[in-house]
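Throughout, read-outs are computed from the coordinates displayed, never taken from laboratory work. The structure presented is a predicted model; accordingly, all values stated were derived computationally and were not measured. FYI the Cβ positions are ideal-geometry reconstructions off the backbone, even for glycines, and counts take in every protein chain you see.
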Amino acid sequence: MGDAPVIPFLAGVVVALLVVGARWIVRRDQQSRRVERATDPYIEGLKLLVDGKKPEAFARLQQAIMAGGAPADAFVRIGRMLRENGDASKALQVHKSLTVKADLTREEKVAVYANVAEDYAALGHPERALETVEVATRRTGLRDAELSAIAARACHALGRTEEAYEHMKELKKAGGTTDREIALYLVTVAEKESDKGRARDAKKTLARALRHDPECAPALVAMARLEEQADDADDAIRLWRQAAQLSADLAPVALRSLERALYQRGTFNEIESVYRDVLETRPNDENAALGLASFYRKQGRMDDAMHLLEEYRGTNPATVAGTVLLSSLYAARGDTDELESFLDRSDRMLARDERYRCGSCGYEASEMRWHCPRCNRFDTFARTPR
Ligand SMILES: [Zn+2]
C-alpha cells in the first residue's frame with residue numbers, strides 16, 4: 001500500500017530512458033546508416049507478408065519505395081498485390097518500369113518479366129504475356145519454371161495447345177508439374193479435338209496422355225469412347241474395365257458403358273467378372289455391389305444376391321439403394337418374417353442419418369423445420385442424404 005506512488009515514478013524513469021535511447025538510435029541511424037534505414041520498412045513489409053497481413057505489408061512496402069533505395073523486389077511485390085486486388089494495369093506500370101533497370105540480378109529479371117507477363121494475362125492479353133516470356137528467356141538465357149508455367153497457360157488461352165504441351169514438358173523438367181497433370185491436360189485437349197470431329201487427333205493426344213500416365217482414368221474413358229465410336233468394342237471394353245478398376249469417381253460411367261457394350265455384343269454375362277474385379281480392389285464400391293446384386297437377381301440367383309447385399313450393408317449400413325434392393329428381394333421371395341425384421345433394423349439405421357438443410361443459407365437441422373433460424377426464411381428446408 002505504502003509503495004503505490006513508487007510505481008508511477010519508476011514507470012516515468014523507464015519512459016524517459018526509452019525516449020533518450022530512441023533519440024540516440026535515430027540520430028545514429030540518420031548519420032551513418034542511411035541506406036539500411038531506407039530498407040527497414042521493406043523488411044518489415046516482408047515480415048507482415050509472412051504473417052498474412054497484406055494491407056499493412058502493402059503500406060510498408062510503399063513506404064520503402066518512397067524513401068528510396070528499396071530493392072527491386074519491393075516493387076515486384078507491390079505490383080503483384082495491385083494485380084491480386086484487381087488493378088492489373090497499375091501493376092503492369094510498376095513492373096514495366098523495372099524492365100529498364102540495368103542492375104538487376106538474373107533472379108530479379110525473371111521475377112520482373114514473369115510479373116509483366118502475369119499482368120498482361122490478367123488484362124486479357126495472353127499473346128503479349130507469351131511475347132514477354134519469350135523476351136525474358138532470350139535475355140536471361142534461363143529456362144525458368146515460373147516462366148514456363150505462364151507460357152503454358154498463355155498458349156492454352158490462345159488455343160495453341162501443342163505449344164502449351166511443349167511448355168508443360170519444360171515445366172516438368174524444372175520440377176513445376178507432374179506427368180499426371182500433363183496427362184490430365186491432354187485429356188482436355190483431346191475432348192476439344194473430339195468435339196470438333198477430329199477423332200484421329202484426339203486418339204493421338206490420348207495415347208500421348210497415357211504415355212505420361214498409364215493410369216490416367218479419364219484418358220482411358222475418353223479413349224474407350226472413341227474406340228466404341230470406331231466400332232472397336234473389344235478395345236473399348238478393355239479400356240473401360242481398366243478405368244473402373246483405377247478410379248472410384250469414374251467407375252459409375254465406366255460400368256454403365258460396360259453394361260451397354262457387353263449387352264450389345266451379346267456377352268452380358270462377362271459383367272460378373274467386371275464387378276468382381278472392381279469389388280476386389282474397392283470392396284465398398286456401391287455401383288459395383290448393386291450392379292452385381294442386380295445381375296444375380298436377373299439370373300435368378302437370389303441367394304447370391306442377398307448374401308452379397310447383406311455383406312455390403314454390414315460395412316455400409318447407411319446405403320439407401322442397398323437397403324431398397326435387399327428389402328425388395330425379401331419381398332419377392334415372400335419371406336415376410338425375414339422382411340419384417342430386416343425393415344425394423346433398416347428403419348433405425350436409416351433414420352439416424354437424416355438431415356434437413358435450408359436451401360437458402362445451408363443451415364442444417366436434425367428435424368424438419370419450416371422456418372430457418374439463421375436466414376429467417378420460410379419453407380426453405382428439404383431432406384438431404386447425410
Ligand atoms: Zn436459412
### Query
Where does each of Cys155, Cys358 land when they are ranked from fewest to most other beta-carbon atoms within 10 angstrom?
Cys358, Cys155
### Summary
Pseudo-spin-label distance Leu343 to Asp195, built 7 Å along Cα→Cβ, given in nm, is 4.9
### Query
How far apart, in nm, are the 7 Å Cα→Cβ label points at His307 and Arg333?
1.1
### Message
Skipping prolines and chain starts, which residues have an amide H placed within reach, meaning under 5 Å, of the one on Arg355, given they are 5 or more residues away or on another chain?
### Response
Thr384, Arg386
### Message
Per residue of segment 261-273, what does 6.51 cos²θ - 1.76 cosθ + 1.60 with θ = phi - 60° give for ³J(HN,Hα)? Whole Hz please, x for Gly and Pro, Karplus curve as stated.
### Response
5, 5, 5, 5, 7, x, 10, 4, 4, 4, 4, 4, 5
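For the chain, rounded, prolate or oblate, judged on the Cα gyration tensor with a ≥ b ≥ c (square roots of eigenvalues), a/c < 1.5 rounded, else prolate if a/b > b/c? Don't skip to the answer; put the middle values down first.
Values: a/c = 3.57, a/b = 1.60, b/c = 2.23.
Oblate, because a/c is 1.5 or more while a/b does not exceed b/c.
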### Query
What is the Cα centroid distance between segment 77-125 and segment 190-258, reported in whole angstrom?
41
### Message
I'd like the orientation of helix 320-333 relative to the chain: the angle between its Cα long axis and the longest Cα principal axis, in ° from 0 to 90, rounded to 10.
### Response
10
### Message
Just to check I understand the Karplus step: with θ = phi - 60° and J = 6.51 cos²θ - 1.76 cosθ + 1.60, what whole-Hz values come out for segment 304-319, glycine and proline as x?
### Response
4, 4, 5, 4, 4, 5, 4, 5, 5, 5, x, 9, 10, x, 8, 5
#### Entry: Principal-axis tilt of helix 145-157 within the chain, Cα atoms, nearest 10 degrees
60
### Task
Could you go through segment 89-104 in sequence order and give the Karplus-derived ³J(HN,Hα) for each residue, using 6.51 cos²θ - 1.76 cosθ + 1.60 with θ = phi - 60°, rounded to whole Hz, and x for Gly and Pro?
6, 5, 4, 4, 4, 4, 5, 5, 4, 7, 5, 8, 5, 8, 9, 7
### Cβ-Cβ FRET estimate between Lys173 and Glu127, R0 fixed at 25 Å, reported to 0.05
0.50
#### Entry: Degrees between helix 336-351 axis and first principal axis of the chain (Cα, 0 to 90, nearest 10)
10
### Query
Taking a point 7 angstrom from the Cα of Gln299 along the C-beta vector, which residues in segment 219-250 have backbone N less than 19 Å away?
241
## Note on the structure
From fewest to most C-beta neighbours within 10 Å, the residues Trp370, Trp240 line up as Trp370, Trp240
### Summary
Ranked on Cβ counts within 10 Å of their own Cβ, fewest leading, Tyr330, Tyr275 go Tyr330, Tyr275
### Task
Name the residue, out of Asp277, Asp87, Asp337, whose mean-square fluctuation peaks in a Gaussian network model built on the chain with Cα pairs under 10 Å.
Asp337
### Query
Most mobile of Thr188, Thr105, Thr177 per a Gaussian network model of the chain (Cα springs, under 10 Å)?
Thr105
### Query
Summing +1 for each Lys or Arg and -1 for each Asp or Glu, what net charge is found among the other residues whose Cβ lies under 9 Å from the Cβ of Leu258?
+1
### Two-decimal log10 I(q)/I(0) for segment 83-213, as the Debye equation yields it once each C-alpha is a single scatterer, q = 0.18, 0.22 Å⁻¹
-0.95, -1.21
### Task
Return the long-range amide H neighbours of Phe381 (sequence gap of 5 or more, or a different chain), with a cut-off of under 5 Å between placed amide H atoms.
Gly359
### Task
Assign unit charges at the C-beta atoms only (+1 for Lys and Arg, -1 for Asp and Glu), then state the dipole size of the chain relative to its Cα centre in Debye, rounded to the nearest 20.
1960
### Task
Once you've got the GNM for the chain with C-alpha springs shorter than 10 Å, pick whichever of Phe58, Phe342, Phe268 has the biggest mean-square fluctuation.
Phe342
#### Entry: Charge dipole of the chain about the Cα centre (unit charges at C-beta), most positive-ward option of Tyr275, Gln93, Val187
Gln93
### Summary
Under 5 Å from the placed amide H of His125, counting only residues 5+ away or on other chains, we find none
